[in-house]
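*Asks:* Below is one structure. I have some questions about it.
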Amino acid sequence: MRHMPAIPQSTRDSITWRLLQHAGTHWPQLSTVQVRCRGSFAYITGVLPGGEQIPLFRLRYGGSAHSFGFAIYSAAHGSYDDAVLRTGLPTGTPQEALDTACTVHLAGLGHEPADGPPANLRSHPLSVAPAGRGSHRSIGAALAAAPDGPPPWYMSAPTPRAWCSAGP
């Protein structure tokens, strides 16, 4: 395992200044951010207007003052988990890290980001868990199996078997 250098004081100052500027401009839900450095890591905490402190993320210094590794704070685990930024990359600027962490942590508290990409996008269809354990069924199957039948607005597509019903 290679030794990671400690963050130089000039880079610590730069991280702090950049995060304070960016939070003040883009995250009015925060009163301030606090930066605490230890070895090659910088730990960033957000302070809400009421004084509540929320651990947000950790930056990992790799020798560049412009690109850092990113780990988001997980309250469920009480630790920092390596993650990708909203840009889709595992490394980036402190400002990109702040945007990613605040989108996750502040949106969960009812504080929506000032601007940004749409959230709650799904790459798979919705499903409903049946009464028993295990399998899921589609929303369409759940609607079709409703006691009163599917609602009038629901039009199910024909099954593949119906498409190929021309027999000999």
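The values are calculated or read from the model by the stated rules, or taken from the named source; none is laboratory data. Not measured: the values here are computed from a predicted model. Glycine gets a Cβ as well: all are built from the backbone with ideal geometry, and neighbour counts include every protein chain shown.
*Asks:* Six or more apart or on different chains, Cβ atoms under 7 Å: show the pairs whose first residue is in the stretch 1-27 and under 12 Å from residue 42 (Cβ atoms) and whose second is among the polar types (S, T, N, Q) and not in a loop (DSSP other than H, G, I, E, B).
*Replies:* From the stretch 1-27, the pairs are 18/95.
*Asks:* When residue 7 is evaluated against the numbered criteria (1) crowded, with 17+ Cβ neighbours inside 10 Å; (2) within 21 Å of residue 102 (Cβ to Cβ); (3) more than 22 Å from the chain's Cα centre (by Cα); (4) not hydroxyl-bearing (Ser, Thr, Tyr), which criterion, by number, is the only one it fails?
*Replies:* (2)
*Asks:* Where residues in the stretch 50-103 are among the hydroxyl-bearing types (Ser, Thr, Tyr) and part of a helix (DSSP H, G or I), which of them is surrounded by the fewest Cβ atoms within 10 Å (Cβ to Cβ)? Steps first, answer last, please.
*Replies:* Our first condition is that a residue be among the hydroxyl-bearing types (Ser, Thr, Tyr); within the stretch 50-103, this holds for 61, 64, 67, 73-74, 79-80, 87, 91, 93, 100, 103.
Now restrict to residues that are part of a helix (DSSP H, G or I): 100, 103.
Details: 100: 21, 103: 18.
Here the answer is 103.
*Asks:* When the stretch 29-49 is examined, which residues are found to be of a type outside the set (A, V, I, L, M, F, W, C) and either surrounded by 18 or more Cβ atoms within 10 Å (Cβ to Cβ) or closer than 20 Å to residue 93 by Cβ (or both)? So that I can check it myself, show each step before the final result.
*Replies:* Pass one, the stretch 29-49, residues of a type outside the set (A, V, I, L, M, F, W, C): 29, 31-32, 34, 36, 38-40, 43, 45-46, 49.
29, 32, 34, 36, 40, 43, 45, 46 - these are the residues of the stretch 29-49 that are of a type outside the set (A, V, I, L, M, F, W, C) and either surrounded by 18 or more Cβ atoms within 10 Å (Cβ to Cβ) or closer than 20 Å to residue 93 by Cβ (or both).
*Asks:* When you look at residue 25, is it in contact with a strand residue (DSSP E or B) (Cβ under 9 Å, 6 or more places away or on another chain) and either outside any loop (DSSP other than H, G, I, E, B) or farther than 20 Å from residue 107 by Cα (or both), yes or no?
*Replies:* no
*Asks:* Can you find even one residue in the stretch 56-77 that is of a type in the set (Lys, Arg) and modelled with pLDDT under 95?
*Replies:* No, the stretch 56-77 contains no residue that is of a type in the set (Lys, Arg) and modelled with pLDDT under 95.
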